[in-house]
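In what follows, a structure is listed as structure tokens, so that the remarks can point back to it.
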Amino acid sequence: MNVAASACPLCGGTGWKSTSTDVSRRVTRCDCRELVRNQSLVAAARIPKRYEHCELSDFEFDGSRRALAPARMAACRFVEEYPINKDGLLFVGSIGVGKTHLAVGIIKELIRSKAVPCLFYDYRELLKEIQNCYNDSVKATELEVLKPVFETELLVLDELGAVKPTEWVWDTVSLILNSRYNDNRTTIITTNFPNAPGAEPYAVSGTEMSRAQRATRRETLGDRIGERMRSRVAEMCRIVQMEGEDFRQTIRSASFR
């Protein structure tokens with residue numbers, strides 16, 4: 001029996017509390033069970049310690065960060081509409097603008113208000129775990145790593161495109177995104193790369209982009225995950241563009257003043 005439930009003054013550990021009146025005797029689930037359930041779902045979500053404090057309610061979008069108000073509004077609307085609208089979200093923006101904060105805030109709010117099973121994975125860490133499965137000394141199989149990624153009701157895939165693209169990386173991304181797309185499961189994605197096509201093919205004034213132009217242009221999401229998968233993400237997710245300063249850098253600079 002859970003310690004919190006056994007110590008609960010309302011239900012005495014039974015999980016049920018009385019709602020009796022003078023004319024009827026009824027019981028209902030005790031709040032302590034809901035608390036235990038939420039704690040279990042939060043633990044299963046694998047939210048990194050760095051982001052455990054993140055809430056939608058404490059996301060800053062005033063002053064110099066006023067341009068981020070639409071992104072915070074989109075996150076709140078997502079929670080309100082889920083699961084009636086199961087489209088995912090793609091948060092696009094530079095480093096430190098608050099993409100992961102909003103994604104984690106959504107997870108915690110969905111768990112708290114709707115008991116939705118969620119899972120957080122850093123894109124780099126997920127690929128590393130899958131690669132480790134090929135090591136004979138590691139007992140976990142690729143399927144064991146990927147099964148919860150495929151099956152969780154809501155997946156947050158953080159920093160999509162952060163790993164240098166290879167055929168293996170593209171195949172793995174395709175497997176994950178297509179599996180969730182085909183099963184109609186919701187995915188929230190964050191990326192630092194502009195949501196634009198890759199360099200090939202890429203037209204500039206009606207001609208193919210030159211090698212020099214490709215070398216100096218900023219890499220895009222299409223470059224990092226392939227144009228086919230960028231198109232798949234666009235089918236799965238509503239795009240939320242985030243523009244602003246690196247919040248972590250701003251805080252760090254302020255601390256030295």
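The values are calculated or read from the model by the stated rules, or taken from the named source; none is laboratory data. None of these values were measured; they are calculated from a predicted model. Because the Cβ atoms are built from the backbone with ideal geometry, glycine has one as well, and the counts that use them run over all protein chains shown.
Just to be sure before I move on: is Tyr134 in a loop (DSSP other than H, G, I, E, B), assigned by TED's automatic domain parsing to the domain that holds Met236, hydroxyl-bearing (Ser, Thr, Tyr) and farther than 15 Å from Val233 by Cα in the structure I sent? Please lay out each step first, then the result.
On the way: in a loop (DSSP other than H, G, I, E, B): yes; assigned by TED's automatic domain parsing to the domain that holds Met236: yes; hydroxyl-bearing (Ser, Thr, Tyr): yes; farther than 15 Å from Val233 by Cα: yes.
When the stated conditions are applied, Tyr134 passes them.
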Quiz item: Taking segment 76-89, which residues are farther than 17 Å from Asn184 by Cβ and crowded, with 21+ Cβ neighbours inside 10 Å?
Solution: none
Practice problem: Identify the single condition in (1) small (Gly, Ala, Ser); (2) assigned to a helix (DSSP H, G or I); (3) farther than 14 Å from Val233 by Cβ that Ala199 does not satisfy, given that it satisfies every other one. | Solution: (2)
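Which is at pLDDT 95 or above, part of a helix (DSSP H, G or I) and touching a helix residue (DSSP H, G or I) at 6+ places or on another chain (Cβ under 7 Å), of Phe91, Phe78? It would help to see each step written out before you state the result.
Values: Phe91 fails: part of a helix (DSSP H, G or I).
Matching residue, one of Phe91, Phe78: Phe78.
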Quiz item: In segment 112-140, which residue that is hydroxyl-bearing (Ser, Thr, Tyr) and exposed (fewer than 12 other Cβ atoms within 10 Å of the Cβ) is modelled with the highest pLDDT?
Solution: Tyr134
Quiz prompt | Which numbered condition Lys128 fails, given (1) touching a residue at least 40 places away in the same chain (Cβ under 8 Å); (2) part of a helix (DSSP H, G or I) | solution = (1)
Quiz item: Taking into account only those residues within segment 94-109 that are part of a loop (DSSP other than H, G, I, E, B) and on the phi < 0 side of the Ramachandran plot, which is surrounded by the fewest Cβ atoms within 10 Å (Cβ to Cβ)?
Solution: Ile95
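Given the residues Arg37, Arg50, which is the only one that is modelled with pLDDT under 95 and charged (D, E, K, R)? Before you say what the answer is, go through the steps one by one.
Numbers: Arg50 fails: modelled with pLDDT under 95.
Going through Arg37, Arg50 in turn, the sole match is Arg37.
Only one of Phe193, Phe256, Phe247 is surrounded by 14 or more Cβ atoms within 10 Å (Cβ to Cβ) and modelled with pLDDT under 95. Can you tell me which? Walk me through how you get there before you give the answer.
Values: Phe193 fails: modelled with pLDDT under 95; Phe256 fails: surrounded by 14 or more Cβ atoms within 10 Å (Cβ to Cβ).
So the residue among Phe193, Phe256, Phe247 that is surrounded by 14 or more Cβ atoms within 10 Å (Cβ to Cβ) and modelled with pLDDT under 95 is Phe247.
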